[in-house]
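The values are calculated or read from the model by the stated rules, or taken from the named source; none is laboratory data. Bear in mind that the values here come from a model prediction, so they are computed numbers and not experimental data. Every residue, glycine as well, gets a Cβ built from its backbone with ideal geometry; the counts of neighbours run over all protein chains shown.
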């Protein structure tokens, strides 16, 4: 059984790996569309299945990007109360957020299992590439499981929100 | 408990959770799931939660969001905004307050290749604010100029908020981008007028820049050619019907990378950083969209929007009164909530009411974005103000609050103008599509 710090390092390694997969999916998504446009306008031969590929890349980008966001507590929250209550209360609220996040993510994870199994049983296929849809669901499940793990880790550690990667705060949500 | 009352209660609990520092996505998802359990049962709640999450994650239409964010990130790392500012500064030199107007113009131009307001404000804080301070501009005024100019990032297309609004309202993104262009330019002009008025009323706060020669002004126009290329290819491509928004976003992101690499301003580590920030920012957004979609499904099931529409019509409220009430709600919410959350929480409730009163969803989308912009610069939690203050710690937030007050008039005047002449919004989409 690994110790707490080794466990922490293992989890960080998993979430970093997830993030790299998400980054690769984003670049792949961009390149698929660029190649599709290029082939369409230059050779009048668009890439078959680009619609499916973009959807799949987006699933991977979101599902595998979530764990790092949750582990580092980069989610958007209104921090108005920080000015009104002492730091221990803020820490408690942060822990509550971690526990509730874990529960909600576990619920969503559980909720996604049935459609995945249905897609497998009924042999659903994607529109263009005729790929088994259950594979895409399974990718989403894997990312969500990692996200739930990240939420649990964030709830159980007393870490304050981590410093975001350079520029993340300014990257902006509005 | 009646369904609409359950919907209202869920909204109250959701706001309480947000106030208690719970993440926005969590407040929305938790109330949506709990509401669906109470309204129907666990199986229905699970079906909604599972399928909504997957549908959002795999939505082709929403793939525009990370791609436009990536284009903005790469443009930022390639220092395109610095070129824009330099050009605008030389062109407007000699004018009292010209540096402030140059900041607003450069922000608007940068907003045309970056769909994020906060990113625009953060970038211009690094580029324009030191120059204004060096030129002797008063701190509060210069910071407020950057904050208000930054809001143009979400109105001038491409706009991430408009993409998300389009997904909720089932409105065409190209039409929304066309609808927001004229109001975006009008707002830019209004901000510039405010800056010039402040400069004229308090010349001590705003010194005059030495004027550049005509040759210098003409030469400066050549500098931001990369920006022109990106804008013409992406937004021009959408307007001309050559690219879908998704294709334009991909080509724009790819083009920004190629231009940055060719000009040796974008290194591989900087590109990777831009990709990482894009993934993280996009995931934060997608979490909120997932939570809001689950919540919106529940709210629609409660028929709360129908009840509110019936109440308004029963009370004999005129359409403009209803819109005024909605705008007041946005004004109040904007003081405490961030923009995306505000849009995702309110649009499913307000849009059926507004549409019931005959307002065009495109027009309403533009008005909502303008109200979000007001929220971005409204104390106490105007996000742009905090972004600037985080970067220039020696400027007290109180000075920023004081400086921003005159600029708040611009978006509010614009809303009045759009009320009087809705064709300013609807003209371009009707012309193009």
**Request:** Working only within segment A:81-117, note down all residues that are more than 10 Å from chain B (Cβ to nearest Cβ), over 19 Å from residue A:151 (Cα atoms) and under 23 Å from the mean Cα position of the chain (by Cα).
**Result:** A:117
**Item:** Cβ-Cβ under 7 Å pairs, at least 6 apart or on other chains, segment B:18-35 side at the interface with chain A (Cβ under 7 Å from one of its Cβ atoms) and buried (at least 24 other Cβ atoms within 10 Å of the Cβ), far side in a loop (DSSP other than H, G, I, E, B) and at pLDDT 95 or above
**Value:** none
**Prompt:** In this structure, is residue B:353 over 16 Å from the mean Cα position of the chain (by Cα) and at pLDDT below 90?
**Reply:** no
**Complete:** If we keep only residues of segment A:59-78 that are at the interface with chain B (Cβ under 7 Å from one of its Cβ atoms) and more than 10 Å from the chain's Cα centre (by Cα), then the residue surrounded by the fewest Cβ atoms within 10 Å (Cβ to Cβ) is A:76
**Asked** So residue B:83 clears everything in (1) more than 9 Å from every other protein chain (Cβ to nearest Cβ); (2) farther than 30 Å from residue A:126 by Cβ; (3) under 20 Å from the mean Cα position of the chain (by Cα) except one condition, right? Which one?
**Response** (3)
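Quick check on residue B:388: is it surrounded by 23 or more Cβ atoms within 10 Å (Cβ to Cβ) and over 27 Å from residue B:291 (Cβ atoms)?
Answer is yes for this residue.
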**Message:** Quick check on segment A:28-35. Is at least one of its residues under 24 Å from residue B:64 (Cα atoms) and more than 9 Å from chain B (Cβ to nearest Cβ)?
**Reply:** yes
**Asked** Within segment B:17-53, how many residues are more than 22 Å from residue A:141 (Cα to Cα) and not in a helix (DSSP H, G or I)?
**Response** 5
**Asked** Does residue B:182 meet the test of being in contact (Cβ under 8 Å) with a residue 60 or more places away in the chain, assigned to a helix (DSSP H, G or I) and over 18 Å from residue B:427 (Cβ atoms)?
**Response** no
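Would you check if residue B:362 is within 14 Å of another protein chain (Cβ to nearest Cβ) and either closer than 23 Å to residue A:83 by Cα or surrounded by 23 or more Cβ atoms within 10 Å (Cβ to Cβ) (or both)? Explain how you work it out, then say what you get.
Working: within 14 Å of another protein chain (Cβ to nearest Cβ): no; either closer than 23 Å to residue A:83 by Cα or surrounded by 23 or more Cβ atoms within 10 Å (Cβ to Cβ) (or both): yes.
No, not satisfied.
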**Message:** Just to be sure before I move on: is residue A:18 modelled with pLDDT of 95 or more and either under 19 Å from residue B:65 (Cβ atoms) or under 21 Å from the mean Cα position of the chain (by Cα) (or both) in the structure I sent?
**Reply:** yes
**All positions within segment B:331-359 that are surrounded by 22 or more Cβ atoms within 10 Å (Cβ to Cβ) and in a loop (DSSP other than H, G, I, E, B)** = B:337, B:338
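Would you mind stating whether residue B:115 is surrounded by fewer than 23 Cβ atoms within 10 Å (Cβ to Cβ) and assigned to a loop (DSSP other than H, G, I, E, B)? If you could, list the steps in order and put the result at the bottom.
Details: surrounded by fewer than 23 Cβ atoms within 10 Å (Cβ to Cβ): no; assigned to a loop (DSSP other than H, G, I, E, B): yes.
Answer is no for this residue.
Based on this model, can you work out whether residue B:97 counts as assigned by TED's automatic domain parsing to the domain that holds residue B:229, crowded, with 24+ Cβ neighbours inside 10 Å and closer than 25 Å to residue B:66 by Cβ?
On the way: assigned by TED's automatic domain parsing to the domain that holds residue B:229: yes; crowded, with 24+ Cβ neighbours inside 10 Å: yes; closer than 25 Å to residue B:66 by Cβ: no.
Here the answer is no, as residue B:97 does not meet what is asked.
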**Prompt:** Can you find even one residue in segment B:7-17 that is free of Cβ contacts under 8 Å to residues at least 40 places away in the same chain, farther than 17 Å from residue B:287 by Cβ and within 10 Å of chain A (Cβ to nearest Cβ)?
**Reply:** yes
